[in-house]
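Trainee: Have a look at this one.
Any read-out appearing in this document is the output of simple, stated calculations on the displayed coordinates, not a laboratory observation. Values in this document were obtained by computation on a predicted structure and should not be read as measured data. Here the Cβ positions follow ideal geometry from the backbone for every residue, glycine too, while neighbour counts run over all protein chains shown.
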Amino acid sequence: MRTQIDDDMIAKDGEVVRVAMHFMTDAQRAIAANAAPVFDMAGHRPGPLPQTDEQREQRGALYDKADAAISARWKNASAIVIAADGKPPQRTAATTDAAYGSYDKRMSERWRAA
């Protein structure tokens, strides 16, 4: 790969020149002029979309519902069993296998709950 820049504007052997080419044939111009738009471009522009007051209220209610669900998650956390000596239970191969088996069963039957 060449790192030198030549000012003579002539591509040497092995060099690549890339040029954007924007053109249409007469047939493509005729089709484009008479074609109906495929979709509304208003929804594909950057920036905010206009909303009615009702839509804003619905959106606010959805955000409030999601915030309440996230805030209440700690209330339904699974209980951690603490032994009498105040230490969490030790992990053994049997408890790990049992926990994974329970998880695997829940995941394989999850589709039935939906």
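Trainee: Calculate the spin-label point distance for ASP26 paired with SER102, positioning each point 7 Å from the Cα along the beta-carbon direction, and give it in nanometres.
Mentor: Result: 7.8 nm between the two label points.
Trainee: Just grab the label-to-label distance for LYS75 and LEU49, each label 7 Å out from Cα along the Cβ direction, in nm (one decimal).
Mentor: Calculated label separation equals 3.3 nm.
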